[in-house]
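Scroll down for the structure; my scribbles are underneath it.
The values are calculated or read from the model by the stated rules, or taken from the named source; none is laboratory data. Note that the coordinates shown come from a computational prediction; the quantities given were computed from them, not determined experimentally. Cβ placement follows ideal geometry from the backbone for every residue including glycine, while neighbour counts extend to all protein chains displayed. Just the protein is used for accessible areas: all its heavy atoms, side chains included, with ligands, DNA and RNA removed. Shrake-Rupley method; radii C 1.70, N 1.55, O 1.52, S 1.80 Å.
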Amino acid sequence: MMDTYQGAGSGPRIISWNVTARCNLACAHCYIDADEHGSSGELDTIEGMALIDQIAAVGRPILVLSGGEPLLRPDIFELAEYASGCGLAVAMGTNGILITDAVAGRVKNAGIRKVAVSLDSTDPGVHDTFRGTSGAWEKAVAGIRSLGRAGVPVQIHATLSGSDVTGIDGIIALGKDLGVRDYQFFFLVPTGRGEGLVAAPPEAHEAAIARILAHAREPGLSVRPTCAPQFVRVAARMGLDPSQWGRGCIAGTAYCRVTPTGDLTPCPYLPVPVGNIRERPFGDIWYGSGLLAALRDPDLLGGKCGRCEYRRICGGCRARAYGSGDILAEDPCCPYEPGVSEVGYD
């Protein structure tokens, strides 16, 4: 099966698998609308292993086991160990509140190479309100400490939900105190349960991107703005090398998401199924989808994204374009006008 797609083109570099829609939190912005019940018809253990086999047939991408809350799935370590044994680089995305020293040890033993823990503020009250559960911050921080003691690398995931950018520095400072050197800052995409939330205006996005990227100058520190692909343009204007991050928006080009019931979508924030692994193998969908092929062609982009000199390294946020009515339209959250000189960033 390994040679099935040889010569078919580039496979995905990262795949996010929502292993369940069950969750023990009630986050206001949840793109999958997860709750304590989950969804019916989720892939079972055998189907999950079949999915892993199909992914291994197209390459050796990073497989992110996400949710909902993946630790609520009883077979999560069995699936992680199986994927690791197939040669995949396995990571996990979690809210962190179920991680104890014992759980962190199981994470390590299952071959999970990195765990991303959601931490949105240095203020426990702000985090708990955003996540819909009292005590979530304290348990997430304790989970990060447990992972550190087990020798499991941690990445902090912080969702930015307003115009205030000063909290970015605080999150990184807190993370350093916890021994974390890896950060992703997510810019709110109003989809799923967060469809009615109002994202920050484009100018606030630009300021936040610059604030995040300022930390990229520190040796040994990894930072990335996510769901804000124009960061590669901002990075270039700041004198940073954008190639260290790769393309801005990788939806459908190097990345995709598999839902709990087996649908493949270009990214978690783009609820547009291009196939289901119960009906077609993963590789057939990845290489055969017309929509994914369109997302891989920057010359098909519309509006100012289509005429932008950064379109090949940025691509614009396709989820936000979809939310405005056309998946290939210009990114409504980017204030840049192509060809117009910008003031440099410090």
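Using C-alpha pairs under 8 Å with a sequence gap of at least 6, the mean separation divided by the residue count of the range 231-297 gives a relative contact order of 22 percent. Secondary structure note: in the chain, about 15% of the DSSP beta bridges are antiparallel. Build a GNM of the chain with springs between Cα atoms under 10 Å apart, and of THR253, THR20, THR129 the one that fluctuates most is THR129.
For the range 97-177, divide the Cα radius of gyration by the Kirkwood radius and give the resulting Rg/Rh value with two decimals. It would help to have the intermediate numbers written out before the result.
On the way: Rg = 13.0 Å, Rh = 13.1 Å.
Here Rg/Rh amounts to 0.99.
Length gained on full extension, VAL272 to ASP241: 7.9 nm, using 0.36 nm per residue less the C-alpha separation. Only the Cβ atoms of Lys and Arg (+1) and of Asp and Glu (-1) were treated as charged; on that basis the dipole of the chain about its Cα centre amounts to roughly 700 debye. Counting only residues at least eight positions apart within a chain, or on another chain, the aspartates and glutamates with an alpha carbon under 19 Å from that of LYS108 are GLU69, ASP75, GLU78, GLU81, ASP182. When SER84, SER16 are compared by accessible area at a 1.4 angstrom probe, the order from most to least is SER84, SER16.
Dimensions of the range 149-234 based on its C-alpha atoms, expressed as ranges along the principal axes with the largest first, amount to 40, 29, 20 Å.
Rounded to the nearest 0.05, what FRET efficiency do CYS86 and SER134 give with R0 = 41 Å and r taken as the Cβ-Cβ distance? Could you check?
Computed FRET efficiency for CYS86 and SER134 comes out at 0.55.
Multiplying the sequence separation of SER324 and ALA173 by 0.36 nm and subtracting their Cα-Cα distance, what value in nm do you get? Walk me through the intermediate numbers first.
Working: separation 151, 0.36 × 151 = 54.36 nm, distance 3.60 nm.
Contour length minus Cα-Cα distance gives 50.8 nm.
In a DSSP loop and with at most 11 other Cβ atoms within 10 Å, there are no GluC sites (Glu not before Pro) in the range 188-245.
Label sites at ARG149 and ILE62, each approximated as a point 7 angstrom past Cα along Cα to Cβ, lie 2.7 nm apart.
Around the amide H of ALA116, modelled in the peptide plane, lie the amide H atoms of MET92, GLY93, THR94, GLN155, all under 5 Å away and 5 or more residues distant in sequence or on another chain.
Find the relative contact order for the range 284-340 and round it to a whole percent, using C-alpha pairs within less than 8 Å whose residues are 6+ positions apart. Mind showing how you got there, number by number?
On the way: 58 pairs, mean separation 17.3, N = 57.
About 30 percent, as a whole number.
Karplus-derived 3J(HN,Hα) values for the range 223-236, using 6.51 cos²θ - 1.76 cosθ + 1.60 with θ = phi - 60°, are 10, 8, x, 10, 6, 8, x, 5, 4, 5, 5, 4, 4, 4 Hz; glycine and proline are entered as x. Exposure check, 1.4 Å probe, all protein chains in place: THR166 carries approximately 80 Å² of accessible surface. A full extension of the chain between ALA28 and LYS108 corresponds to an added length of 25.7 nm, given 0.36 nm per residue minus the alpha carbon distance. With the whole protein complex present, TYR322 retains an accessible surface near 100 Å², based on a 1.4 Å probe.
Taking label points 7 Å from Cα along the Cα-to-Cβ direction, ASP53 and ASP123 give a separation of 5.2 nm. About its Cα centre, the dipole of the range 1-157 is roughly 640 debye, where the only charges are +1 on Lys and Arg Cβ and -1 on Asp and Glu Cβ. Across the range 12-23, computed HN-Hα scalar couplings (Karplus, 6.51 cos²θ - 1.76 cosθ + 1.60, θ = phi - 60°) run x, 8, 9, 10, 9, 10, 6, 6, 7, 9, 6, 8 Hz from first to last residue, x flagging Gly and Pro. The calculated FRET efficiency for ARG217 paired with GLU279, based on their beta-carbon distance and R0 = 35 Å, is about 0.15. Put simply, the amide H of PHE186, placed in the peptide plane, has neighbours under 5 Å in ALA158, THR159, LEU160, THR226, leaving out anything fewer than 5 places away on its chain. Only helices enter this figure: runs of n ≥ 4 DSSP H residues, each worth -39500 (n - 2.57), summed and divided by the residues of the chain, yield -9000 deg cm²/dmol at 222 nm to the nearest 500.
On the principal axes of its alpha carbon atoms, the chain extends 53, 47, 38 Å, with the longest extent given first. Taking amide H as placed 1.01 Å from N in the peptide plane, GLY248 has its amide H under 5 Å from the amide H of CYS314, each at least 5 places away in sequence or on another chain.
For the range 134-145, the Karplus equation 6.51 cos²θ - 1.76 cosθ + 1.60, evaluated at θ = phi - 60°, returns couplings of 5, x, 5, 4, 4, 6, 5, 5, 5, x, 4, 5 Hz by residue, with Gly and Pro reported as x.
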